[in-house]
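Heads up, the thing below is written out as structure tokens.
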Amino acid sequence: MGGMERQQLRADRQTHWLFRRLPFLMWLRTYHRGDLPHDVVAGLTVATMLIPQSMAYALLAGLPPIVGLYAGILPVLVYGLLGSTRTLTFGPTAITSVMILGSITSLATPDTTEFFVQSLTLTLILGLVYLLMGLLRLGFVVNYLSRSVLEGYVNAAALIIAISQIQSLLGISIPRSPYPLETLLQVLLSFGDIHLLTLLLGIACIVIILFFSFRLEQLLSRFIFNQNLRLVIVRSGALVTVLLATFIVFVFRLDDMGIAIIGDVPVGFPPISLGPFDFSHWQTLLPGALAIAFVGFMEGVSTAQSLTSQRRQTLNANQELIAMGSANIAGALSGGMASTTSISRSAVNHVAGARTGLSSVIAACIVGLIVAFFTPLFYFLPSTALAAIILTSVVKLFNLRSLRQLWVYSKLDTIPFFVTFLVTLFVSIPIGIASGIAFSLLTYLARTSRPEVEVLGRVNYTEHYRDVVQFPEALPISGVLIIRIDESLYFANAQYLDRYLRNTIAELDDVNYLILVCDAMNWLDASALQILETLIDDLQRVGVTVYITQLNLKVWGRITKAGFVDRVGEERFFNRTHDAVFATGALLDDELPI
């Protein structure tokens, strides 16, 4: 290779690295004019959802509504530029908001300056966690958060969110509590103080949102034939509810009749600054940041895999971590709140036809215009309307079908679900997730510590061997015990297999050969290898010869390198089970009918 070719190869690698780290350079380079209408419609649709949701989720997190709007500007724009997918969107979510509240409640009182400072610090720590995970290529760590743990947490969080919004919907005032059941008890004790007008307005808001979600599409299809326009209208239910509720409160001065309103919402952008941050409680905030990072990233990757597969697009998990980290750092510097990718808004962005990250940039610009000029319109926004938005959103988080599926498939896998659900509900979110992960590992150890084994027999004098229990036509061979091991072997289950084989052979006096079928074995650690070698030697002393068949190339290469094959003898290994059985001399095919 000449000098010019090496320079060109080096330049190509640098360009590829740059495009991978700055994805917007790639889609800007190949952007088509025909993609612009799709991105504009998608951005407008996402913005109509993001504006009311961001204010509602900020209140849910114990923060002023403007903080949610701030999180919908610079962080959404940064993620749109750096995200590796074309359809995921970023911003405040209900799950993240309740995790923010749970992480900071022990340090400060919600709706105070100290709480806001701790929220900014949590957002910065979250951004650094995401960024560090991405740079170190640690996207695989979310594999430790099993689906049962995630579902257990999401269902518990949905219940916590719903309980937290009941008081706003009913118009009652109760002390905040970090324990959801205590809050529910206080609500029940305060039922006599329900503000009827607030409740009626809240119910009306819920009805409007549900109408937009489930009935309006069918009605509009008769009059509006443009699908994109119908989508924008249907997805603007929360925004229409906010504006309509605000207008009603303003016209009839319902705030003078006891309906709680948001009040002053600052106009204009916050200054970009390196503070205020308070790292004196970082040990308390870090577990919360890790919990948000795990849950947010796993939900985001799951959503992205579903959406990108429909368009045959690629997903770079580590780049997603970098994008989410950069977006949260931008949020911390611009007065926002901890945020992650949104499942609901990403799905809408996908359906609306988003072609590139420009849709997120457009959505961020629209939110920016609202913050710059129109926030005074939200002065008379009633709190019960925001509670209605949260409650209608949180209903979608309840997923009991997943619990039924877990129960039917494996009752053992429901243990992490219930542990995560109960600990999250009664203790805290970080401890709930950590407990779920711990029990997931324990259930894995419990399941794999007793590997499935099958006794095989020969099927109708052919070269095929099947489980003698499931296949009556599979007949055992005299003097030969064929065992199929349906699990990889490691220190936690090798001892069990050793005891099982020794006891089985002791019960069967006529066994002269033991054949281990290992086609399902993808791993064999050093402890298991030593136990297996000892077993082969011990059985040889009592007249039982051990053969091993159907090892995959990876396991074969490792045990050969470790000297195991040389120590026990290469003649013990066969590629096919039938070859091993034939080597025993016990087939006697010439004496049997074929």
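The values are calculated or read from the model by the stated rules, or taken from the named source; none is laboratory data. These numbers come from a predicted model, not from an experiment. Because the Cβ atoms are built from the backbone with ideal geometry, glycine has one as well, and the counts that use them run over all protein chains shown.
Annotations for the structure displayed:
- Positions within region 408-441 being farther than 18 Å from Leu159 by Cβ and over 20 Å from the mean Cα position of the chain (by Cα), in sequence order: Val408, Tyr409, Ser410, Lys411, Leu412
- Residues considered: Phe426, Phe380, Phe418. Of these, the only one that is over 30 Å from Ile172 (Cβ atoms), modelled with pLDDT of 85 or more and either touching a Phe, Trp or Tyr at 6+ places or on another chain (Cβ under 6 Å) or not polar (S, T, N, Q) (or both) is Phe418.
- Those residues of region 516-535 which are in a loop (DSSP other than H, G, I, E, B) and either crowded, with 18+ Cβ neighbours inside 10 Å or not assigned by TED's automatic domain parsing to the domain that holds Asp579 (or both), in sequence order: Cys518, Met521
- Selected residue (only one of Asp566, Asp538, Asp579 is part of a helix (DSSP H, G or I) and exposed (fewer than 12 other Cβ atoms within 10 Å of the Cβ)): Asp566
- Screening region 261-275 for residues that are surrounded by 15 or more Cβ atoms within 10 Å (Cβ to Cβ) and more than 34 Å from the chain's Cα centre (by Cα) and picking the one that is farthest from Leu120 (Cα to Cα) gives Ile261.
- Pairs meeting the criteria (first residue in region 178-193 and under 16 Å from Val98 (Cβ atoms), second residue hydroxyl-bearing (Ser, Thr, Tyr) and surrounded by 13 or more Cβ atoms within 10 Å (Cβ to Cβ), beta carbons under 7 Å, at least 6 apart or on different chains) are Pro178/Thr105; Thr183/Ser164; Thr183/Ser177.
- In this entry, Ser344 is excluded by the filter for residues that are at pLDDT 95 or above and outside any loop (DSSP other than H, G, I, E, B).
- Where Tyr513 falls short, out of the listed (1) exposed (fewer than 15 other Cβ atoms within 10 Å of the Cβ); (2) touching a helix residue (DSSP H, G or I) at 6+ places or on another chain (Cβ under 6 Å); (3) in contact (Cβ under 8 Å) with a residue 40 or more places away in the chain: (1)
- With respect to the conditions (1) assigned to a helix (DSSP H, G or I); (2) under 27 Å from the mean Cα position of the chain (by Cα); (3) over 30 Å from Ala323 (Cα atoms), Pro178 lacks only one, and its number is (1).
- The one condition in (1) crowded, with 20+ Cβ neighbours inside 10 Å; (2) farther than 19 Å from Leu145 by Cα that Thr462 fails to fulfil: (1)
- Residue identified as more than 23 Å from Lys554 (Cα to Cα) and touching a residue at least 24 places away in the same chain (Cβ under 8 Å) among Leu489, Leu456: Leu456
- Test for Phe211: is it aromatic (Phe, Trp, Tyr), part of a helix (DSSP H, G or I) and surrounded by fewer than 20 Cβ atoms within 10 Å (Cβ to Cβ): yes
- Region 259-277 residues that are assigned by TED's automatic domain parsing to the domain that holds Leu60, paired with ones that are among the charged types (D, E, K, R) and not in a loop (DSSP other than H, G, I, E, B) (beta carbon under 6 Å, 6 or more apart): Ile261/Asp255
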